[in-house]
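Have a look at the structure below before the remarks.
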Amino acid sequence: MAELESLETAAEHERILREIESTDTACIGPTLRSVYDGEEHGRFMEKLEARIRNHDREIEKMCNFHYQGFVDSITELLKVRGEAQKLKNQVTDTNRKLQNEGKELIVAMEELKQCRLQQRNISATVDKLTLCLPVLEMYSKLREQMKSKRHYPALKTLEHLEHTYLPQVSHYRFCKIMVDNIPKLREEIKEVSMSDLKDFLESIRKHSDKIGETAMKQAQQQRNLDNIVSQHPRISGGKKSKKEVCASSDLEVKNTSPMSEQDSGILDVEDEDEDEEVPGAQDLVDFSPVYRCLHIYSVLGARETFESYYRKQRRKQARLVLQPPSNMHETLDGYRKYFNQIVGFFVVEDHILHTTQGLVNRAYIDELWEMALSKTIAALRTHSSYCSDPSLVLDLKNLIVLFADTLQGYGFPVNQLFDMLLEIQDQYSETLLKKWSGVFRNILDSDNYSPIPVTNEEVYKKIVGQFPFQDAELEKQPFPKKFPFSEFVPKVYNQIKEFIYACLKFSEDLHLSSTEVDDMIRKSTNLLLTRTLSNCLQNVIKRKNIGLTELVQIIINTTHLEKSCKFLEEFITNITNVLPETVHTTKLYGTTTFKDARHAAEEEIYTNLNQKIDQFLQLADYDWMAMEPGSKASDYLVDLIGFLRSTFAVFTHLPGDVDVHSTMSGKVAQTACMSACKHLSTSLMQLLLEAEVRQLTLGALQQFNLDVEECER
């Protein structure tokens with residue numbers, strides 16, 4: 001068993017030695033490891049020593065066999081070593097020279113390397129800066145635009161910055177800061193633009209009256225221009241060019257760019273002379289804040305919010321504008337300022353409607369106008385009712401017509417305003433009647449109720465020119481002579497014509513037909529005659545201190561005024577061009593008015609005579625117990641008869657034409673005489689039949705009989 005193990009160990013050592021001989025020294029480690037892992041490394045070392053001795057013997061044999069060749073080789077090697085040493089020295093020298101020479105090159109190469117590195121860094125930096133500079137420039141531009149309040153361009157710049165420039169340099173820290181600031185900048189632009197809009201709305205509210213005043217001036221100029229063109233058609237071409245100039249200026253305003261960078265507000269405009277062009281209403285307003293804010297909110301996706309805010313604020317302003325001041329009725333300026341504010345408001349809204357898309361629409365404008373129309377008409381009805389001055393009412397009417405024409409020029413329906421003017425016309429007529437009542441009272445109170453004396457042809461023609469009077473007999477008489485009527489006849493006649501003119505003034509520009517104007521004038525004139533003038537005449541006739549002479553003169557005057565009614569008819573026909581024969585034409589009631597006044601004067605004459613008779617009879621003092629009558633009629637009766645004689649002398653010596661004279665002496669005098677005699681006889685009978693007279697003497701009856709006989713004579 002021990003021999004078998006010894007044989008295996010010897011075989012293993014042999015294998016290992018062969019591997020050592022044949023294996024590369026770098027890989028001999030594992031082989032030696034296997035030897036040390038075994039237990040017989042001593043025996044292996046013996047085997048290894050024996051193998052080494054064998055190889056040494058073989059080397060020695062081989063060397064002995066090749067010794068001469070080895071010596072020769074050594075000799076050659078020694079020679080080669082000398083040459084090699086020389087070569088080494090040369091190489092060393094060359095290397096030293098090369099090193100010395102290469103130091104500068106190395107320095108230059110090192111410098112070149114650094115330059116190339118710097119160049120590469122610079123190039124990279126330039127590339128990066130090329131990407132970053134536009135971003136910084138855009139951001140700087142954005143800040144500058146916001147500083148100068150150019151918010152809409154700033155928003156556009158912000159959009160370019162966010163979507164075009166920042167994505168290219170998003171990895172830089174400053175870009176991240178910019179990206180974080182973008183929402184804040186948007187909100188800031190939004191707030192600032194809204195602030196500008198609020199300033200604009202406040203400025204518009206304060207300056208609405210100025211805008212409206214300018215618009216109404218422009219409408220007045222246009223109306224004057226149309227009147228001139230209608231009156232002078234030959235020069236219409238020249239006037240048309242002026243109108244076209246105005247239209248073109250308005251067109252330029254309407255085409256104003258919404259990108260305008262002007263500050264918000266109202267432009268200052270000095271008062272224009274009448275001969276100069278009145279600027280268009282839109283020329284006074286810079287609408288760019290509205291356009292900018294609208295576009296900004298549209299870009300930010302908040303257009304509906306902006307539209308809602310704008311309409312809500314303007315609706316509030318409309319309610320403020322439509323609230324009239326409490327003392328508006330006191331002066332025309334109060335009405336004018338009220339109208340100017342309304343016109344200014346709607347001029348602005350009309351311009352916004354035509355220069356923006358959808359900020360306001362026609363339905364919104366119509367709704368505001370309906371509200372404004374109802375409130376304006378209600379305010380005018382209330383305040384105009386306080387007006388007692390017809391001049392103020394007429395000026396108000398003209399102002400309302402201009403107000404309506406101005407807004408109609410902007411496309412607003414104004415029929416209700418003209419309907420309301422017809423209501424104001426009734427009030428105007430009432431104020432005219434009140435005014436003319438005072439005029440007539442002054443004329444009647446200041447009249448001397450004496451025929452008008454004329455001393456020369458000039459005065460005669462002047463009066464005939466004022467009043468339609470013709471009398472061939474009077475014309476033939478030499479100067480001085482007298483008209484049959486007193487001064488109040490031509491004055492009243494002229495005032496009636498002035499009243500008709502005043503009525504006609506109100507009907508101007510109301511778009512009424514000639515028939516409607518004629519009917520309006522005739523109705524108002526009838527009221528003047530039947531109510532105002534009639535009352536004034538009745539008041540004069542009923543005055544306590546009026547004398548019979550004055551009453552007679554009133555009868556003469558009313559007779560002439562009655563005859564003049566046909567001339568008033570012709571006067572109205574001439575100014576309205578409506579013939580009296582036209583269907584539905586109202587007739588003048590002046591004849592009835594003056595007849596009633598004349599009859600009242602006649603009755604007053606009879607009443608006054610009877611009162612005078614009663615006053616004389618109060619002086620009667622009969623002695624009913626007298627035994628003998630007097631030798632003559634009673635003194636009171638003699639005085640009474642004297643008074644009646646002088647009174648009837650007035651009737652029989654009336655001046656004037658034959659018709660009037662015969663009328664007064666024939667009718668009035670006869671009736672007055674009969675009335676006086678009847679009243680006197682009745683009163684004398686009452687004296688006899690008084691309850692106090694219980695007994696009479698014959699003498700007393702004879703005295704009474706003397707008085708009656710005196711009356712009969």
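The values are calculated or read from the model by the stated rules, or taken from the named source; none is laboratory data. Quantities reported herein were computed from a predicted structural model and do not represent experimental measurements. Reconstructed Cβ throughout: ideal geometry from the backbone, glycine too, with neighbour counts over all protein chains shown. In case anyone asks, the SASA skips ligands and DNA or RNA and just uses the protein heavy atoms, side chains included. Shrake-Rupley method; radii C 1.70, N 1.55, O 1.52, S 1.80 Å.
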Practice item. Using only Cα atoms, find the angle between the long axis of helix 67-147 and the longest principal axis of the chain, and express it within 0 to 90 degrees, rounded to the nearest 10. Key: 10
Practice item. Could you pull out every residue, at least 5 positions away or on a different chain, whose amide H is within less than 5 Å of the one on Glu487? Hs are placed 1.01 Å off N in the peptide plane, and Pro or chain starts have none. Key: Asn448, Tyr449, Ser450
Exercise for review: Would you kindly state how much longer the chain becomes between Leu87 and Gln470 on full extension, computed as 0.36 nm times their sequence separation minus their alpha carbon distance, in nm to one decimal?
Suggested key: 121.1 nm
Review point. Based on the alpha carbon coordinates of region 1-86, what radius of gyration and maximum Cα-Cα distance (Dmax) apply, in Å?
Key: 19.9, 69
Study note, to complete from the structure: From highest to lowest solvent-accessible area (probe 1.4 Å; ligands, DNA and RNA excluded), Phe403, Phe643, Phe70 read Phe70, Phe643, Phe403
Practice item. Considering only protein heavy atoms, with the full assembly of protein chains and a 1.4 angstrom probe, order Lys632, Lys595 by accessible area, largest first. Key: Lys632, Lys595
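Probe radius 1.4 Å, ligands and nucleic acids left out: which of Phe346, Phe648 has the largest accessible area, and how do the rest follow?
Output order, biggest surface exposure first: Phe648, Phe346.
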Exercise for review: Over region 524-585, with every protein chain in place, what whole percent of the accessible area is carbon and sulfur at 1.4 Å, could you tell me?
Suggested key: 53
Revision key, fill the gap. FRET efficiency (Thr125, Lys103; Cβ distance; R0 30 Å; to 0.05) is 0.40
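For the chain, report the translational diffusion coefficient in µm²/s to the nearest whole number, using Stokes-Einstein at 20 °C, 1.002 mPa s, and a Kirkwood Rh over Cα pairs. Show your work: numbers first, answer last.
Details: Rh = 39.8 Å.
Reported coefficient: 54 µm²/s.
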Practice item. Please give the net charge around Ala620, taking every other residue with its beta carbon less than 10 angstrom from that of Ala620, where Lys and Arg add +1 and Asp and Glu add -1. Key: -3
Check your understanding: Which angle from 0 to 90°, rounded to the nearest 10, does the C-alpha axis of helix 151-160 make with the longest principal axis of the chain?
Key -> 30
Revision key, fill the gap. Of the accessible area of region 347-462, computed with a 1.4 Å probe and all protein chains kept, carbon and sulfur make up a percent value of 49
Revision key, fill the gap. Binned at 5 Å from zero, the C-alpha pair distances of region 156-228 give percents of 3, 13, 12, 12, 8, 7, 7, 7, 7, 6, 6, 4, 3, 2, 1, 0
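On average, how much accessible surface per residue is there in the chain, in Å², for a 1.4 Å probe, leaving out ligands, DNA and RNA?
58
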Review point. In straight Cα distance, which lysines are under 20 Å from Lys375, not counting same-chain residues fewer than 8 positions off?
Key: Lys312, Lys316, Lys337, Lys397
**Study point:** Label point distance in nm, Leu48-Lys434, each placed 7 Å from Cα along Cα→Cβ
**Key:** 15.1
Practice item. Note down the accessible area of Trp436, probe 1.4 Å, to the nearest 10 Å². Key: 20
Practice item. Round to the nearest 10 and give me the degree value, 0 to 90, for the angle of helix 390-409's Cα axis relative to the longest principal axis of the chain. Key: 30
Review point. Val71 accessible area, nearest 10 Å², 1.4 Å probe?
Key: 50
Practice item. Mind jotting down the distance between the C-alpha centroids of region 464-535 and region 409-430, whole Å? Key: 28
Review point. To the nearest 10 Å², what's Lys612's accessible area with a 1.4 Å probe?
Key: 80
**Study point:** Residue-span extension gain [Arg150 to Asn448] - 0.36 nm each, minus C-alpha spacing
**Key:** 99.1 nm
**Study point:** Eligible lysines near Lys156 by straight Cα distance, threshold 25 Å, same-chain separation 8 or greater
**Key:** Lys128, Lys141, Lys147, Lys176, Lys184, Lys190, Lys198, Lys254
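Beyond 18 Å, what share of the Cα-Cα pairs of region 86-146 is found? Please give it as a whole percent.
65
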Revision key, fill the gap. Here FRET efficiency (C-beta to C-beta, Ile28 to His66, R₀ 25 Å, nearest 0.05) is 0.30
Review point. If R0 is 30 Å, what FRET efficiency do you get for Cys677 and Asn539 from their C-beta distance, rounded to 0.05?
Key: 0.50
Study note, to complete from the structure: Output ordering of 307-320, 45-58, 421-434 (per-residue mean of other Cβ within 10 Å, highest first) is 421-434, 307-320, 45-58
Exercise for review: Quick one: of Lys462/Lys587; Lys491/Lys563; Lys497/Lys542; Lys462/Lys482; Lys563/Lys587, which pairs are farther than 18 Å apart, Cα to Cα?
Suggested key: Lys462/Lys587; Lys497/Lys542
